[in-house]
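Any read-out appearing in this document is the output of simple, stated calculations on the displayed coordinates, not a laboratory observation. Everything numeric in this text was worked out from a predicted model, so none of it was measured. Note that each Cβ is placed from the backbone with ideal geometry, even for glycine, and that neighbours are counted across all protein chains shown.
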Amino acid sequence: MASVFKRGGKKAKGPWYASWTDHTGKRQTRCTLTTDKAAADRIARKLEADSALRRDGVIDPALDAISKEAHRPIEGHLADYESKLRAANLTDKHVQSTTQFIRWIVDHAGFKTAADISADGVNRYAGKLRDEGRAARTIASHLSAIKAFSRWMAEHHKLPRDPLASVKKPNPESDRRRERRMLLPDEWRLLEAATETGPDRYGISGKERLLLYRTAIQTGLRSNELRSLTRGRLYFDSEQPYVTCKGRSTKNGKDARQYIQPELATSLKAHIRTKSPKAPVFSLPHESSIAQMLRDDLSEARKRWQQEAKNDPQKYAQRQESDFLADTNHEGEVLDFHSLRHTCGSWLAMTGAHPKTIQTVMRHSCITLTMDTYGHLFPGQEADAVGRLREMLDTPAVALLATGTDHETSTPPTRAQRLAQRTGSDTGRSAAMRCESRTEPTAQKKTPKSLQIADLGDAVRPVATGSESSGGGTRTPDTRIMIPLL
């Protein structure tokens, strides 16, 4: 039975407390938040009655638990969500940025509990970012964070449904503010020479920076992935040398194995000779300075390239106006450290590598991303495809062979020849698949002839009568067609 009491006795000041037995048989206590005993009694009886309804299945306890979770403060749910992200081995940078985006949206929309989250509040925040001139890619990243958070709460029964399922993210490609450009092969050769003989930058020698750039271009690894490389992650003893990155350092959370050229492997082996197994391969500067480090080397290479034409005023003026080796070209495309990864994919496409191979090297989630990024660089694909059509349209040999006719003698092939052409069997396997009649001594009794293989386009002929029949008389036409098992 439900009862009410006061802490410290009946004469004590303060609210009344209700005590009742819940649907699981446990005794529960809750403050009624009232000093009126009659009101407290009604609250206690209501709690007792609801427990009875839950025991009888009239009220679903699961929905009741979801309602309780939905009215918890958002900050408590966000702490649980942050623990989930860290348990998934995501980088600290990703976890911090995701939780920060969620807090910004929650504060702007005024959400207090999980039940307060609504699509209208989130859309108002997206509109504010748009009015501030933020790029579509930035807005999409903020919305992705809050949408993933609300979806997680719905999946873990903290909300009855996902309130942000209707929120649409803008297309990042529709308003892309930063277009990266690749290094041209001629630019790389000059950058290579300027970097190797250049001064130390950000505590890194020119030779180490050159090894870093070569590794980035050959593997397509991102800056944080290169930062995680240790001596124990370099494998030079295999037939094809390679480096590995653990999933906790990669963007997709999966281990990566990237192959390198033997010449680079030899240089890296000499570079790490005195390092411990867990020592980083490269002494990279802070992430905010790594792009500037590459731009400084690029600027030095451009200066040297321009100085080569100082004795020719016209050529020197042309080189000053050119965007060759410039960090930003005339189309507004910029070159930063991530451009070395873009250079890896671009050069693979220019050499004619298969798109699926490029997807594997670049570790793209889908082939669509690979084709959208590098598809325009595949050399001469359209021209080659149209040229191959000529063979189908204008070459008689191909057309005649397709119909099963000998293009030299114009003699129709036999059915066995057509079968060999159809199955591509020029070995003993074709003989095993053909059904041919066997020749037996004349002294033995004649047996019915085996049915010949009928081509799918041939009409079915009735079995001959009279002397052509196997046993004399007339037989009913056999309408079966024996088809080779391909």
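Report the trypsin sites (Lys or Arg not before Pro) located in region 76-123 that are in a DSSP loop and have at most 16 other Cβ atoms inside 10 Å of their Cβ, or state none.
The qualifying sites are Lys112.
For region 8-25, take each phi angle, set θ = phi - 60°, evaluate the Karplus expression 6.51 cos²θ - 1.76 cosθ + 1.60, and give the result in whole Hz per residue in order, putting x for glycine and proline.
In residue order, the calculated couplings are x, x, 5, 7, 5, 7, x, x, 8, 10, 9, 10, 8, 9, 7, 5, 8, x Hz.
With a 10 Å Cβ neighbour count serving as the proxy for reagent exposure, in which order, fewest first, do His342, His94, His157 appear? Numbers along the way, then the final one.
Working: His342 22, His94 16, His157 13.
Result, fewest neighbours first: His157, His94, His342.
Provide the gained length on full extension for the span Ser276 to Thr21, in nm with one decimal, where the gain is 0.36 nm per separating residue minus the Cα-Cα distance.
Numbers: separation 255, 0.36 × 255 = 91.80 nm, distance 6.41 nm.
In short, 85.4 nm is gained.
In what order do Tyr235, Tyr374, Tyr125 fall by count of nearby beta-carbon atoms within 10 Å, going from fewest to most? Walk me through the numbers before you get to the answer.
Details: Tyr235 15, Tyr374 23, Tyr125 20.
Exposure proxy ranking, most exposed first: Tyr235, Tyr125, Tyr374.
Quick check: net charge around Leu190, other residues with Cβ under 13 Å of its Cβ, Lys/Arg +1 and Asp/Glu -1?
Charge balance in the 13 Å sphere: -2.
Less than 13 Å Cβ to Cβ from Ile358, Lys/Arg counted +1 and Asp/Glu -1: what total charge do the surrounding residues give?
Values: positive: Arg341, Lys356, Arg363; negative: Asp372.
Net local charge, Ile358 excluded: +2.
Give the order of His23, His77 when sorted by the count of other beta carbons within 10 angstrom, beginning with the fewest. Let's see the in-between values first.
Values: His23 16, His77 23.
Ranking His23, His77 by Cβ neighbours within 10 Å, fewest first, gives His23, His77.
Working out 0.36 nm times the residue gap between Trp104 and Asp237, then minus their Cα-Cα distance, what length gain in nm do you get to one decimal?
42.9 nm
Determine the distance separating the Cα centre of region 117-142 from the Cα centre of region 153-211; give it in Å without decimals.
Taking the Cα centre of each part, region 117-142 and region 153-211 sit 22 Å apart.
If you place +1 on the Cβ of every Lys and Arg, -1 on the Cβ of every Asp and Glu, and leave all else neutral, what size is the dipole of region 180-379 about its Cα centre, to the nearest 20 Debye? Provide the component values of the computation, followed by the final result.
Working: 30 positive and 24 negative charges, 187 e Å.
Charge dipole, region 180-379, about its Cα centre: 900 debye, nearest 20.
Calculate the spin-label point distance for Met371 paired with Gln96, positioning each point 7 Å from the Cα along the beta-carbon direction, and give it in nanometres.
4.0
Taking the highest mean first, how do the peptides 201-214, 28-41 order by number of other beta carbon atoms within 10 angstrom per residue?
201-214, 28-41
What's the magnitude of the charge dipole for region 201-282 around its Cα centre, counting Lys and Arg as +1 and Asp and Glu as -1 at the beta-carbon? Answer in Debye, nearest 20.
On the way: 17 positive and 6 negative charges, 81 e Å.
Around 380 debye, computed over region 201-282.
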